[in-house]
Amino acid sequence: MRDKEHLKKNYKSFAQFLSTVCARELEYFILDSKFTSAFNYRIKKMVDEVKKEGKEDIEFSVLFNTDGEIVLIDAEIIGNFISNNYVVYIQKFYKDAPLNKIIKEVINGSEKGRRDFITVSCSILYKTLEELYKDIKYKKETVVKYGISYGLQTYEGENLSIIVAILLMMEDVCEYLSINKSMLKDSINMIISSKRIR
């Protein structure tokens, strides 16, 4: 059973909320993973920069093997990476509007505005997870459950696990922003049928 206590907390910003959601949901869903060489490189570079500043405790949050690949990483680092990436791309899409303004407009806006927000958010999360993970081992029962719940049983793409990870995160986002779950369901089916996510 997934713990949803994080949805009841108050957050300083939507970015902080998203970071927590991403960390918790991916930690719940992913059993094991391999990261892309680009992500390995970015994290290695970040660790080296932090070490130069004299903060040695970063090594407890990220462990590398002898080939320089991440073998263990704190979920918060992944959550922050996804959230930071999301903020950059969502603000770019909304013509550099501040994130809090975007979120207020989504909450108070039209149904079309909410659907657009869901579509853009799913696309950003998809690209970010593709950039992050080379391979993931995940809870198959969660994929089956979400496949049935969202009508994805006939989906033939090789990335169903990424789509389910996005759904886990977006369910929390929609609940947090008081967006109806049926709107997420309709939007994800439209996104997949229009091949915006492959």
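Of the residues in the stretch 141-164, how many are outside any helix (DSSP H, G or I), surrounded by 13 or more Cβ atoms within 10 Å (Cβ to Cβ) and among the polar types (S, T, N, Q)?
The number of residues fulfilling the criteria is 1.
For the stretch 30-59, enumerate the residues that are at pLDDT 85 or above and charged (D, E, K, R).
32, 34, 42, 44, 45
Out of the residues in the stretch 165-198 that are among the β-branched types (Val, Ile, Thr) and closer than 18 Å to residue 131 by Cα, which is surrounded by the fewest Cβ atoms within 10 Å (Cβ to Cβ)?
197
Which of the residues spanning the stretch 166-198 are at pLDDT below 95, part of a helix (DSSP H, G or I), farther than 16 Å from residue 16 by Cα and not aliphatic (A, V, I, L, M)?
Scanning the stretch 166-198 gives 181, 182, 185, 186, 187, 189, 193.
Keeping to the stretch 147-181, report how many residues are more than 30 Å from residue 12 (Cβ to Cβ) and not β-branched (Val, Ile, Thr).
Qualifying residue count, the stretch 147-181: 13.
Out of the residues in the stretch 142-157 meeting the condition of being more than 20 Å from the chain's Cα centre (by Cα) and not small (Gly, Ala, Ser), tell me which one is nearest to residue 25 (Cα to Cα).
Top of the filtered list is 148.
Do you know which residues across the stretch 115-140 are of a type outside the set (Ser, Thr, Tyr), crowded, with 18+ Cβ neighbours inside 10 Å and either over 17 Å from residue 18 (Cα atoms) or in contact with a strand residue (DSSP E or B) (Cβ under 8 Å, 6 or more places away or on another chain) (or both)?
132, 136 - these are the residues of the stretch 115-140 that are of a type outside the set (Ser, Thr, Tyr), crowded, with 18+ Cβ neighbours inside 10 Å and either over 17 Å from residue 18 (Cα atoms) or in contact with a strand residue (DSSP E or B) (Cβ under 8 Å, 6 or more places away or on another chain) (or both).
From 106, 62, 21, which residue is surrounded by 14 or more Cβ atoms within 10 Å (Cβ to Cβ), at pLDDT below 80 and among the β-branched types (Val, Ile, Thr)?
Just a single option satisfies the conditions, and that option is 62.
The values are calculated or read from the model by the stated rules, or taken from the named source; none is laboratory data. Fair warning: this is a prediction, and the values are worked out from it, not measured in the lab. Methodologically, a virtual Cβ is constructed for each residue, glycine included, from the backbone with ideal geometry; neighbour enumeration extends over all protein chains shown.
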